[in-house]
Structures are given as C-alpha cells and as structure tokens.
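Report on one structure; see the data block that follows.
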Amino acid sequence: METTRRSFLYSFAEKYTSLLLSTAGAMVISRVLTPAEIGVYSVGAVLVGLAQVVRDFGVGQFLIQERQLTDEKLRAALTVSIGVAWLLAALVWLASGPVATFYHEPRLRKVLVLLACNFLLLPFGATTLVCLRRAMRFSAIYAINTVHSVVQLGCTLALALLGWSYLSLAWGAVAATGASLLASLYFRPAGLPWLPGWRGVRGVLSFGALATGGGVVDEIGVAAPELIIGKFLGVAEVGLFGKAMGLLNVFNQLITGAVSPVIFPWFSMQARAGQDVRAAYLKTLACMTALAWPFFSFVALTAGPLLRLLYGPQWDAAQPLIRIMCFSSAFYSMFSMARYLFVALGQVRMQATLDAQAVPARVAAVLLATPFGLAWVAWAVVFGALFRSWLTWRCLVRLTDMTAAQLLAALWRSAIVTAAAAGGAVAMQWTWQDDAAHPLPRLLASALACLLCWLAAVLACGHPLGAEIGLAGRKSLSILTRQGRT
C-alpha cells in the first residue's frame with residue numbers, strides 16, 4: 001500500500017508540474033510568436049492528435065494487464081508499436097502536402113513533416129514507460145515526463161527567440177520526444193528486450209483492435225454533442241455547451257488525470273496476485289466520490305460566479321447547462337474507474353461492447369433533444385451517463401458479484417461528506433452579500449467554507465480518505481521535525 005501511496009504522490013506531482021510548465025510556456029510564447037504563427041502549429045497539432053488516438057493501439061493496456069510478461073510478448077508488443085507508429089508517420093507525411101493545399105497554408109506541410117518524426121521515435125520510449133507503470137515506478141515516470149516538458153519548453157523558447165517562428169513549436173515537440181527517449185534509457189528495466197519479434201503479434205493485435213475500437217467509439221461519443229449542436233443550432237450554442245463542458249472537465253484534468261495512471265496498474269497488480277479486486281474497486285469508488293461529489297456540488301452551487309470570473313457575463317446562459325450536467329458527472333464518478341478494472345481483468349471485449357452500446361444511445365438522445373434547445377441537450381447527456389452507468393453496473397455485478405448493499409456501504413460516508421461540504425458553500429452564499437461585478441471574494445469564501453466542512457466531515461465520519469490525510473499529515477510533521485532538529 002505504501003508503494004501505491006507514493007505512486008499517487010508522483011502521479012499528481014507529474015500532472016501539476018506539466019500543467020505549470022505548459023501554462024508558463026504558453027504565457028511566454030504567446031508574447032513572442034504571433035497568433036498566425038501559433039495557429040499554423042495548432043492546426044498541425046490537432047490533425048496529428050487525431051492520429052494519436054490509435055498510435056498506442058492498446059499495447060500499453062496489453063502489457064499492464066498481462067499476467068505473465070515474457071520476452072516473446074514484449075517483443076511482439078514492440079513490433080506492433082513500431083508498425084502502427086511508423087505507418088501513421090508515413091500517412092502524416094504523405095498527407096502533409098494535400099492538407100497544406102486544403103488549408104491554403106504551405107507552412108503547414110513543414111509542421112506536419114516534423115511532427116511525423118515523433119511517431120518514428122515514440123514506440124521505443126513508450127514501451128519503457130508502460131513497463132515502469134506496470135511496476136508502479138512512478139518516480140521514474142515523473143522524471144522522464146518532466147525532462148520531456150522542460151526540454152520542450154526550453155527548446156521552443158530558444159528557437160522562438162532566435163526567429164524560428166512557427167517551426168520552433170514543431171522542433172520543440174521533436175526535441176522533447178528525443179529527450180524523453182534518452183531519459184527512458186536511464187530508467188529502462190533490466191531484461192527488457194531491445195529488438196522486436198513476430199511471435200505473439202496476433203494476440204497483441206487482437207487485444208489492441210478491441211481496445212482501440214472501444215477508445216475510438218468513446219471519443220466519438222465525447223465529440224458528438226458539439227458536432228450535432230453546431231449542425232442544428234449554431235456556433236454560438238456550441239460555444240455555450242463547450243464552456244459548460246470545459247468547466248466540468250476541470251475535475252478530470254486535476255484529479256482523474258492523475259489518479260487513472262496509478263489505478264490501472266494497481267488493479268492489474270491486484271488481479272495478478274489473486275487479491276480481492278472487488279474490495280479494491282469499492283475503496284477506489286469511496287475515495288473518488290468523496291472528491292467528485294463535493295466538487296460537482298460546489299460547481300453547481302456557484303456556477304454563476306464561476307462563469308463570470310473565468311469567462312465574463314456573456315457566458316451566463318451556460319449556467320443552467322452546468323447545473324444539469326453536474327448531476328450526470330457526479331453520478332458517473334461511481335463508475336468512471338470501472339473501465340480500468342475490466343481491462344485489468346482481461347475483459348477488454350466487455351469494455352469495447354459497453355462502449356459500443358453506450359455511445360449510440362448517447363448520440364441518439366442528443367439528436368432527439370437538439371431541436372428543443374440546449375437545456376434538453378444537457379438532459380440528453382444526463383440520460384447518456386445514466387445509461388452508461390447502468391451498463392457498467394451490470395458488468396461489475398457479472399465480473400465481481402458486487403451487490404447493491406456493498407455499493408451503498410462504500411458510498412454513505414461520501415454522501416455525508418458531500419452534504420457537509422455543500423452546506424458550507426450554501427451557508428457562505430447566503431451570508432455573503434451578492435456582488436456580480438466582483439465574484440472572486442465570494443467564491444474564495446465559499447470555496448474555503450466548503451473545503452473546511454469537507455475536511456471536518458472526512459475526519460469525523462471515518463472516511464477512508466481521512467486515514468490517508470492523517471498519514472500524510474503525520475509524515476509531513478515528522479519530516480519538518482527532523483529538519484528542525486538538524
């Protein structure tokens with residue numbers, strides 16, 4: 001368990017270090033390069049990003065969930081990684097000319113050619129990163145990814161200041177990939193084969209086809225509402241819906257994005273060791289809901305001031321959308337980690353089937369709701385989340401024999417914590433004089449009241465998070481005490 005705690009610490013550190021560096025870099029680069037120069041690179045990065053959806057081809061998931069990794073399987077995985085990545089590199093290179101012609105932007109061709117080089121390098125470092133994740137060596141992953149971020153920022157800024165214009169961004173991306181590859185060689189696990197092999201490739205391809213297919217379908221489900229709204233309602237409505245979803249996705253960026261890289265290998269480790277994966281999932285569920293439910297409750301209660309602070313009064317129409325969809329986001333947080341459990345148990349086909357059932361229902365609901373306006377679209381998103389949650393629950397019951405009583409036993413403390421946190425925010429909202437022109441003081445006061453009530457409830461009701469917070473506090477105090485003595 002101590003290894004898991006350290007893994008979470010390094011995963012959060014990596015997430016926020018990367019976020020800090022990218023934000024600082026964006027602030028500086030936006031003052032050195034013109035919008036047109038950044039725009040050329042952005043178009044190329046978006047197009048290449050579409051190819052990144054299939055670049056891994058499920059190889060990472062295959063290596064993490066596999067019970068026994070042999071040289072044969074590792075070589076086969078490397079073969080698939082190289083084959084898919086190099087094929088994508090060739091496709092991006094071949095498409096660079098036609099794409100540049102389509103956008104009437106000849107500079108775009110150079111950007112795409114440079115970004116295609118990344119696909120040539122990625123498979124070699126990616127295999128090492130996956131094996132480090134499987135072994136829960138997140139300190140090494142933190143070091144490698146920090147090298148990537150620092151080199152990308154440094155190279156981009158240096159070249160931009162030297163007058164390399166839009167190419168500074170592309171060369172920065174290539175340099176970062178090369179640097180992370182060199183860093184991964186330092187942390188490369190002993191015994192990891194260097195050369196690819198053909199034996200076992202069919203098994204990796206079969207797994208990867210299901211994993212990638214499910215991932216592509218899921219991405220379609222995420223993108224569908226905005227595409228449908230843009231077609232039938234207009235671009236202004238797309239902007240409102242996008243701002244609402246952007247605010248809700250902050251939780252994924254700050255919490256889920258740091259938790260999921262650890263949860264998947266942890267579930268896989270539990271499954272390989274024959275441990276009780278149901279107990280592991282229920283503990284994860286309790287911790288995730290203790291974070292997600294108060295977060296989305298706070299966002300729903302303060303949607304108006306949040307929107308005005310972040311985006312201005314012109315986005316007030318997104319308030320009702322946020323309040324509606326906060327419910328679906330909070331509800332689905334009970335099942336958001338289930339996909340990693342399914343894959344960890346080798347049930348990638350079950351996960352792909354679930355995606356294939358849930359996404360058409362979500363898209364159909366949005367299509368039916370769109371003629372009636374954005375509020376109905378938001379309720380369609382809620383329906384899609386509830387339907388997906390029901391499908392996920394059925395799979396959990398089938399795989400782990402989980403009961404509703406066990407689910408409720410894992411959730412009741414999170415409900416108490418949420419009620420306390422929301423109560424603190426509501427009390428502050430009532431007592432603070434409303435000032436729409438200056439929402440920051442009221443927001444900060446509400447957030448502080450929410451946080452203090454949340455912390456008190458976590459400790460008072462014996463929530464599993466309370467033990468982790470207490471342990472972290474004792475360790476911090478011990479470190480400070482030792483430093484004080486020295």
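The values are calculated or read from the model by the stated rules, or taken from the named source; none is laboratory data. All of these numbers come straight from a predicted model, not from anything done at the bench. Positions of Cβ are backbone-derived with ideal geometry, glycine not excepted, and every protein chain shown enters the neighbour counts. Quick note on the areas: whole protein, heavy atoms, side chains included, nothing else; ligands and nucleic acids left out. Shrake-Rupley method; radii C 1.70, N 1.55, O 1.52, S 1.80 Å.
Looking across the range 41-85, the residues that are of a type in the set (A, V, I, L, M, F, W, C) and either at pLDDT 85 or above or outside the structural domain of TYR103 (by the TED database) (or both) come down to VAL59, PHE62, LEU63, ILE64, LEU74, ALA76, ALA77, LEU78, VAL80, ILE82, VAL84, ALA85.
Might you let me know whether the range 432-445 holds any residue that is in a helix (DSSP H, G or I), exposed (fewer than 11 other Cβ atoms within 10 Å of the Cβ) and modelled with pLDDT under 70? Scanning the range 432-445, I find no residue that is in a helix (DSSP H, G or I), exposed (fewer than 11 other Cβ atoms within 10 Å of the Cβ) and modelled with pLDDT under 70, so the answer is no. Do we have ALA244 as open to solvent by less than 20 Å² (accessible area, probe 1.4 Å) and at pLDDT 80 or above here? In short, yes.
In the list LEU78, LEU121, LEU115, which residue meets the criterion of being under 26 Å from LEU167 (Cα atoms) and surrounded by 21 or more Cβ atoms within 10 Å (Cβ to Cβ)? Selected residue: LEU115, the only one of LEU78, LEU121, LEU115 that is under 26 Å from LEU167 (Cα atoms) and surrounded by 21 or more Cβ atoms within 10 Å (Cβ to Cβ). Among the criteria (1) without any contact (Cβ under 8 Å) to a residue 40 or more places away in the chain; (2) assigned to a helix (DSSP H, G or I), the one GLY60 does not fulfil is (1). Within the range 402-412, the residues that satisfy the criterion of being out of contact with any helix residue (DSSP H, G or I) (no Cβ under 7 Å at 6 or more places or on another chain) and open to solvent by 50 Å² or more (accessible area, probe 1.4 Å) are THR403, ALA404, ALA405, LEU408, ALA409, TRP412.
Of the candidates THR353, THR370, the single residue that is hydroxyl-bearing (Ser, Thr, Tyr), in a helix (DSSP H, G or I), farther than 19 Å from ASP218 by Cβ and at pLDDT below 95 is THR370. Applying the condition of being free of Cβ contacts under 8 Å to residues at least 60 places away in the same chain and open to solvent by less than 70 Å² (accessible area, probe 1.4 Å) to the range 13-29 and asking which residue is nearest to PHE251 (Cα to Cα) yields THR23. Is it the case, given these coordinates, that ARG388 is modelled with pLDDT of 95 or more, open to solvent by 70 Å² or more (accessible area, probe 1.4 Å), in a helix (DSSP H, G or I) and of a type outside the set (A, V, I, L, M, F, W, C)? So ARG388 fails the test. Is the range 23-45 home to any residue that is of a type in the set (Gly, Ala, Ser), under 24 Å from the mean Cα position of the chain (by Cα) and farther than 24 Å from VAL150 by Cα? The answer is no; no qualifying residue exists. Residue selection: VAL113 fails the criterion of being β-branched (Val, Ile, Thr), more than 24 Å from ILE38 (Cα to Cα) and in a helix (DSSP H, G or I). Inspection of the range 289-300 identifies no residue that is touching a residue at least 12 places away in the same chain (Cβ under 8 Å), of a type in the set (Val, Ile, Thr), out of contact with any Asp or Glu (no Cβ under 9 Å at 6 or more places or on another chain) and not in a helix (DSSP H, G or I).
Of the residues making up the range 45-71, those that are open to solvent by 40 Å² or more (accessible area, probe 1.4 Å) and aliphatic (A, V, I, L, M) are VAL46, LEU47, LEU50, VAL53, VAL54, LEU69.
When GLY197, GLY230 are checked against the criterion of being assigned to a loop (DSSP other than H, G, I, E, B) and either more than 22 Å from the chain's Cα centre (by Cα) or acidic (Asp, Glu) (or both), a single residue qualifies: GLY197. Restricting to the range 324-338, give me the number of residues that are assigned to a helix (DSSP H, G or I) and either closer than 29 Å to LEU374 by Cα or in contact with a Gly (Cβ under 6 Å, 6 or more places away or on another chain) (or both). Counting residues in the range 324-338 that are assigned to a helix (DSSP H, G or I) and either closer than 29 Å to LEU374 by Cα or in contact with a Gly (Cβ under 6 Å, 6 or more places away or on another chain) (or both) gives 9.
The residue list TRP376, TRP393 contains one member that is touching a helix residue (DSSP H, G or I) at 6+ places or on another chain (Cβ under 9 Å), more than 17 Å from SER336 (Cα to Cα) and open to solvent by 50 Å² or more (accessible area, probe 1.4 Å), which is TRP376.
Just one residue in the set LEU291, LEU285, LEU321 is under 18 Å from the mean Cα position of the chain (by Cα) and buried (at least 23 other Cβ atoms within 10 Å of the Cβ); that residue is LEU285. Looking only at residues of the range 155-186 that are open to solvent by less than 40 Å² (accessible area, probe 1.4 Å) and assigned to a loop (DSSP other than H, G, I, E, B), we find that the one that is farthest from ASN145 (Cα to Cα) is SER165. Out of all the residues in the range 215-235, which are of a type in the set (Gly, Ala, Ser) and modelled with pLDDT of 80 or more? Correct list: GLY221, ALA224, GLY230, GLY234. Criterion applied to TYR41, TYR10 was being closer than 24 Å to VAL259 by Cα, touching a residue at least 60 places away in the same chain (Cβ under 8 Å) and either out of contact with any Asp or Glu (no Cβ under 8 Å at 6 or more places or on another chain) or open to solvent by 70 Å² or more (accessible area, probe 1.4 Å) (or both), and the one residue passing it is TYR10.
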